[in-house]
1. Which number in (1) in contact with a strand residue (DSSP E or B) (Cβ under 7 Å, 6 or more places away or on another chain); (2) within 14 Å of chain A (Cβ to nearest Cβ) marks the one condition that B:Thr340 misses?
2. Quick one: which of A:Glu224, A:Glu236, A:Glu317 is acidic (Asp, Glu) and more than 22 Å from A:Arg387 (Cβ to Cβ)?
3. Select, from A:Ala255, A:Ala267, A:Ala201, A:Ala234, the only residue that is of a type in the set (Gly, Ala, Ser) and within 28 Å of A:Leu91 (Cβ to Cβ).
4. Restricting attention to the stretch B:204-213, which residues are within 13 Å of chain A (Cβ to nearest Cβ) and touching a strand residue (DSSP E or B) at 6+ places or on another chain (Cβ under 9 Å)?
5. Do any helices (runs of 4 or more DSSP H) entirely within the stretch A:280-361 hold 2 or more residues that are within 14 Å of the chain's Cα centre (by Cα) and at pLDDT 85 or above, and if so, which?
6. In the stretch B:24-69, what count of residues is obtained for those that are more than 9 Å from chain A (Cβ to nearest Cβ) and aliphatic (A, V, I, L, M)?
7. Can you tell me which residue among A:Arg291, A:Arg321, A:Arg285 is more than 18 Å from A:Phe250 (Cβ to Cβ) and basic (Lys, Arg)?
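The values are calculated or read from the model by the stated rules, or taken from the named source; none is laboratory data. Please read these numbers as outputs of a predicted model, since none were measured by experiment. Virtual Cβ from ideal backbone geometry, glycine too; neighbours counted across all protein chains shown.
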Amino acid sequence: MRAMSGGRPRIFRGRLSGEALLGAILLLIASIDVAWSTPRVPGSDAQVLAELPVGTRHESTPARELARSRLDIALPLAQFYVSRSRATGDLRYLGYAEAVLQPWVQRSPAPPAILVLQATILQSRHSFGAALDRLDLALQAQPDNAQAWLTRATVLRVQGRYTEAMASCGHLAGQADAAIIDLCRQSLAGLTGNLRAAYAAIAGLPQRELASEARAWRYSELGEMAERLGDDAAAEHWFTQGLQLAPEDFYMRAACADLLLRHGRAAETLQLLAGYESMEPMLLRIVLAHRLLGDSQGETGRALLSGAFEVEQQRGEAVHRREQARFLLDVEQQPAAALVAAQENWHVQREPDDALILLRTAQAAHRPDAAAPALLFVQQQGLEDVRLELYQRPAS
Amino acid sequence: MNTRTALVASLALLLSPAAWAHVASNGFLVVQVHGQQLSGSIELAVRDVELAIGIDANRDGKVTWGELHAGEPQLMRYVAQHLSIGTPNSSCPISFQSLQVNQRVDGNYAWLPFTAQCRGDVRQLNIRYSLMQDVDPSHRGLLTLVDGPISQTGVLGGADAAALYSVVAPSRGRAFFEYLQAGIWHIWSGVDHLLFLFSLLLPAVLLRKNARWEPVARARPAFLSILKVVTAFTLAHSITLSLAALDVVRLPSRLTESVIAASIVIAALNNIFPLVTESRARIAFAFGLLHGFGFASVLADMGLPHTARLISLLAFNLGIETGQLAVVLAVMPIAYALRTGVIYRRAIMPWGSALIAAVALVWLVQRAFLPTG
């Protein structure tokens, strides 16, 4: 061999470290196509495939069986699942809660408390119309169900139906704390042309006299109002206070992250959201922060989000359509596709952030006509939001 | 298999694997139609399997492979009760094969392959899916229904447990186009075939004289040399591809895949320690026969539509040749232009060949000696 090939074999006398490196790279390249591509039989019986979260063992079946016939078990069990879902962002828990409610929902008449809980689940899934139906059923049977009125006000508010939402708040009179009724009303007033007065009113509510849930709600409301007024320093103060009180309030955490991102404070955003990667809305903000930093660590999250949105789309769900629009616009840089998602989202929900993403995507896609529904809504309701003003001018 | 899924899964591995468990519950059903036969797989999250049938035998809140494996018969019974596939006239009884594990973005899944035998050619499929519905009504089955090169997706479960899908045989024109595309794509993604071809083509612009490589003087001999190699490779793999696709000859895929890897090693080493310098076309022909079996296994994965077998086979083959020709036309003029320089003979030839041989050697070891699946 050596004789035949003349001096050629010297190419193999390279430096050892170079060869080792080359070998390692080759092994890596060659192993890519086998490592993750196919199902496999694990090498060891002891390999752990899944760690089971609380309440997801098959063993809980007797409780679930019992819940079919006993309301006093069904209600707390479903409530437990809903609260686990809230605390962890794990959507499967909502399904478990639905399974517990199912036999009760099919009864006629269904117990009002079951209907209210079902409405809460439907609201979490952004099935707002169906949620309102259940609440109306519950209220027919039990016109003084404060929880039903409050949930109804929340759903209507998300849909941008402020007048009806205000009426729901009115039904709370005599059924709920005065402070809760104030929060319910003033938060709506702040969306319909009375932002400054409403902000002052909510800020003036005595924090100590509020129940703890209402306290977090107050902070969240104050933070968002301050942001819409353009007082970002105050907004940050409220969000920070609120998150100290209610660290599991994901809605507020996301809002706070958005505030930081708007100011380019990417590192602080990452700090705020560390440990929340498993929730799509949080992951989106983490990816955005990495983009601001100009590093490539967001790539992983980008791929995961893209896959998750795809599955959601295939399932025909629109829980995270607002996030999807933002993802398509700011991460994937596909303004046309982002606009479609923002428009679909606008049909479902009409919070200030929904108006914002519709205006942003319409502008990016050079489709000012597509922004018209949001602009009309803002004008009709008297919605004040400095973040929207930037996009309102060119159209008016 | 699916490179995109693989990529996402690999990315997930870099993160904490437990941190990604928060999507809604999905099952993945793949059904592939081959005439009267169906093949496919059903995948359920290990966590969902536990909730449905209870496999955490030692109740420590962790499901191990041993526990899942022990629950295999129970899982098969559960799936058989809650998933049925049939034509409008009759059911297609499912038989399961052994359980495996697949890693997805949100954790490990129990992966159960199956086959099903229908009576008569499948034109419509009735799928009833009620897995998980009693414990998690929001669970959905994401269906991929594959018929030859055409696949459709669907969502199963929820209020309507049963759904009807039409399996429309593609028109001849559509089939031709789809298989042509698949052939072109396979040459692009099938790196092993390209590496083999290039190992043989690298020296085509050179001449072996006195144990040294020298550039050819004119384009004509280089062109003829390339033409001979490409033609021999094409002829050989077309023969075996057709024989295998039409079920005349069959070879175990482990054998063909290993020999394909070995063929690359040999062809690449031949550039560094030349044994065969004049008649590389013969190597191309001899190993081309085996590469044909490799192409055939891709085609077998896709399946040939029963209505347009020959035309689809022809289209797939033409696609491979088109893709191959495009690569050769793009690369060989550059090789020809570079042939007189020292870089081509001293760097690209030996080091390129060494690199190819090394990669192929790793493949050879993996394919021949490591356990599959």
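1. Every condition holds for B:Thr340 apart from (2).
2. Being acidic (Asp, Glu) and more than 22 Å from A:Arg387 (Cβ to Cβ) holds for just one of A:Glu224, A:Glu236, A:Glu317, which is A:Glu317.
3. A:Ala255
4. B:Arg208, B:Trp213 - these are the residues of the stretch B:204-213 that are within 13 Å of chain A (Cβ to nearest Cβ) and touching a strand residue (DSSP E or B) at 6+ places or on another chain (Cβ under 9 Å).
5. Of the helices (runs of 4 or more DSSP H) lying wholly inside the stretch A:280-361, those with at least 2 residues that are within 14 Å of the chain's Cα centre (by Cα) and at pLDDT 85 or above span A:280-293, A:298-314, A:321-326.
6. 8
7. None of the others qualify; the one that does is A:Arg291.
Matching residues to (1) within 18 Å of B:Phe316 (Cβ to Cβ); (2) touching a Leu at 6+ places or on another chain (Cβ under 9 Å); (3) not assigned by TED's automatic domain parsing to the domain that holds B:Gly352:
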| position | (1), (2), (3) |
| --- | --- |
| B:Leu224 | no, no, no |
| B:Leu243 | yes, no, no |
| B:Val248 | yes, no, no |
| B:Ile260 | yes, yes, no |
| B:Ser263 | no, yes, no |
| B:Ala268 | no, yes, no |
| B:Phe273 | no, no, no |
| B:Phe285 | no, yes, no |
